[in-house]
Amino acid sequence: MSEPLLHPKLGLRPAVGPRVPSSIFELSRPGTGGQKILPGDDSVLDDIPEAMRRKEPADLPEINESQVIRHFIKLSRLNYAIDTGFFPLGSCTMKYNPKFNEWAARLPGFAKLHPLAPDSTAQGTLQMLWELEQMLCEISGFEAITFHPAAGAHGELTGILMIKAYHISRGDLERVEVIVPDSSHGTNPATATMAGFTAVEIPSDDRGGVDIKALRATLSPRTAAIMLTNPSTLGLFEDQVDELLEAVHEAGALAYMDGANLNAVMGYFKPGEAGFDVMHINTHKTFSTPHGGGGPGAGPVGVGDKLLPFLPSPRILRDENGNFRLETQDERPSAIGRMRSFQGSTSVLLRAFAYIRAHGRELQQVSEDAVLNANYLKALVRHVYEIPFPRHCKHEFVASGTEMKKRTGVRTLDIAKRLLDYGFHPPTIYFPLSVDEALLMEPTETESRETLEVFADALIAIAQEAYEDPDLVRAAPHSTPVRRLDDAEAARHPDLRWRPAKGDDAPC
Ligand SMILES: *Cc1c(COP(=O)(O)O)cnc(C)c1O
């Protein structure tokens, strides 16, 4: 294999990644190792049934302490994280996570509170959550917020179950459809289906917005709700919001806004005031919590007056003396019940609280900078990648490699793999589904102009490589610890466990 070619002007070096270290079992040498647990008196085994006793000693690695430490530190350095590099991952708002948030979340008064502590001993946490509710109401324009949902998709389910309860409470039992535009996030139709509705897709117009005519034609007495991601996963703000909401409400349906992209509009657009009935917020995206590895998130859901009675219980209340308490069971029979144990992901919510408090009125600047960065990156790469929707984007934009694929055979997947050689995490690819060979990029506000420029240079250099040496790009990555994986196989049948090779399998 030839050395990866790099554009000479760039001065970029391929990230020569560390190799995958040997497994700890392969490092094992009989007789080495730290302190051993001394064999005890055999009588300790008396209480353990014979059938459950080990016949042979466990196959544990024998290795000393410093080797153990080095081994695991080396493994940890194979990680790519927001603290080590840029993530242009679209639709996920992978922004820098301020360390201040982590400090706040570790304060023992919060971190060590027992989840079943009586309200009187949990006043600080209850106050923090109550104040966070006020702040999120201010930001979103809703009347009240529930903190139960554990992430955005769970928030969607909560919102749609409230919509279901609303229609049922009015005896309106024919509403079995939820309308989703074709640019919606995949979780939206999934949520509608999970909640027992039929998801009905409507097309976008040629500007990337909802086709209002198609919407009007689809709305009927069978429509329970529309779920609208706004700004959409094309990075576009729905500029016919008023018309859309009027049509939906006229048809007796409710409007759910997927608020995962709130990072783009804080201080500029309040969905609750605009007339949406319910929305979730991904605090781990907009308000910065490390996410992406399946770690805990939080998906608070805001509601307007129509859905207020159905909000999950218990809510956090403040009495006239300024004391905080949880709603008691049965205090509000119209509630849809609990969506999660305790009060949701409190430590994630605390990080959101710290983030919002640290920014104060400058929160609006976050959105301004996120939008500026996305538009700047788009401008830097638009001469080499097609931009299907060239109008002003919000926090993210879609590029397409259709022309490149036609002319060189290099696909978006190859571009993403080649970016790894340049030391970058690739953007989201092949999403949204409505764009061929899509690359969805969201730089976020926390990246510097220099980072965006180096990233754009890498994308441009890869485009040039595609025309000059397509095989190089198609065979990427060249410099990562493992080469190209079978993505489907890696996701469905991950091989995560090392087993000693025995018998015929043992390497000679
Ligand atoms: C991330 C995202 C979701 C799902 O949120 P999770 O917190 O990952 O469950 C839903 N909709 C959109 C538009 C998103 O970007």
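Is the stretch 468-478 home to any residue that is assigned to a helix (DSSP H, G or I), among the hydrophobic types (A, V, I, L, M, F, W, C) and either within 21 Å of residue 235 (Cα to Cα) or modelled with pLDDT of 95 or more (or both)?
Checked the stretch 468-478: at least one residue is assigned to a helix (DSSP H, G or I), among the hydrophobic types (A, V, I, L, M, F, W, C) and either within 21 Å of residue 235 (Cα to Cα) or modelled with pLDDT of 95 or more (or both).
Only one of 340, 315, 351, 332 is touching a strand residue (DSSP E or B) at 6+ places or on another chain (Cβ under 8 Å), surrounded by 15 or more Cβ atoms within 10 Å (Cβ to Cβ) and of a type in the set (D, E, K, R); which?
One residue alone meets the criteria, 315.
Taking only the stretch 248-269 into account, find how many residues are assigned to a loop (DSSP other than H, G, I, E, B) and within 15 Å of the ligand (Cβ to nearest atom).
4
Quick test of your reading of the structure: residue 218 fulfils all but one of (1) surrounded by 15 or more Cβ atoms within 10 Å (Cβ to Cβ); (2) within 15 Å of the ligand (Cβ to nearest atom). Name the failing condition by number.
Unmet for residue 218, out of (1) surrounded by 15 or more Cβ atoms within 10 Å (Cβ to Cβ); (2) within 15 Å of the ligand (Cβ to nearest atom): (2).
Among the residues of the stretch 84-92, is any assigned by TED's automatic domain parsing to the domain that holds residue 324, without any contact (Cβ under 8 Å) to a residue 40 or more places away in the chain, more than 16 Å from the ligand (Cβ to nearest atom) and under 29 Å from residue 355 (Cα atoms)?
No: the stretch 84-92 contains no residue that is assigned by TED's automatic domain parsing to the domain that holds residue 324, without any contact (Cβ under 8 Å) to a residue 40 or more places away in the chain, more than 16 Å from the ligand (Cβ to nearest atom) and under 29 Å from residue 355 (Cα atoms).
Where the second residue is among the acidic types (Asp, Glu) and within 13 Å of the ligand (Cβ to nearest atom) and the first is touching a residue at least 60 places away in the same chain (Cβ under 8 Å) and lies in the stretch 138-164, which pairs have Cβ atoms under 6 Å and are six or more apart or on separate chains?
So the pair list comes out empty.
Test residue 27 against the stated conditions and say whether it is surrounded by 14 or more Cβ atoms within 10 Å (Cβ to Cβ), modelled with pLDDT of 90 or more and outside the structural domain of residue 234 (by TED's automatic domain parsing).
no
Return the only residue of 260, 251, 255, 247 being at pLDDT 95 or above, among the small types (Gly, Ala, Ser), under 27 Å from residue 388 (Cβ atoms) and surrounded by fewer than 24 Cβ atoms within 10 Å (Cβ to Cβ).
247 is the lone residue from the list that is at pLDDT 95 or above, among the small types (Gly, Ala, Ser), under 27 Å from residue 388 (Cβ atoms) and surrounded by fewer than 24 Cβ atoms within 10 Å (Cβ to Cβ).
So, of the residues in the stretch 445-467 that are out of contact with any Phe, Trp or Tyr (no Cβ under 8 Å at 6 or more places or on another chain) and not in a helix (DSSP H, G or I), which turns out to be surrounded by the fewest Cβ atoms within 10 Å (Cβ to Cβ)?
448
Can you list the strands (runs of 3 or more DSSP E) found entirely within the stretch 116-215 that contain at least 1 residues being within 26 Å of residue 334 (Cβ to Cβ) and within 16 Å of the ligand (Cβ to nearest atom)?
144-146, 177-181
The values are calculated or read from the model by the stated rules, or taken from the named source; none is laboratory data. Keep in mind that what you see is a predicted model, and the values were worked out from it rather than measured. Positions of Cβ are backbone-derived with ideal geometry, glycine not excepted, and every protein chain shown enters the neighbour counts.
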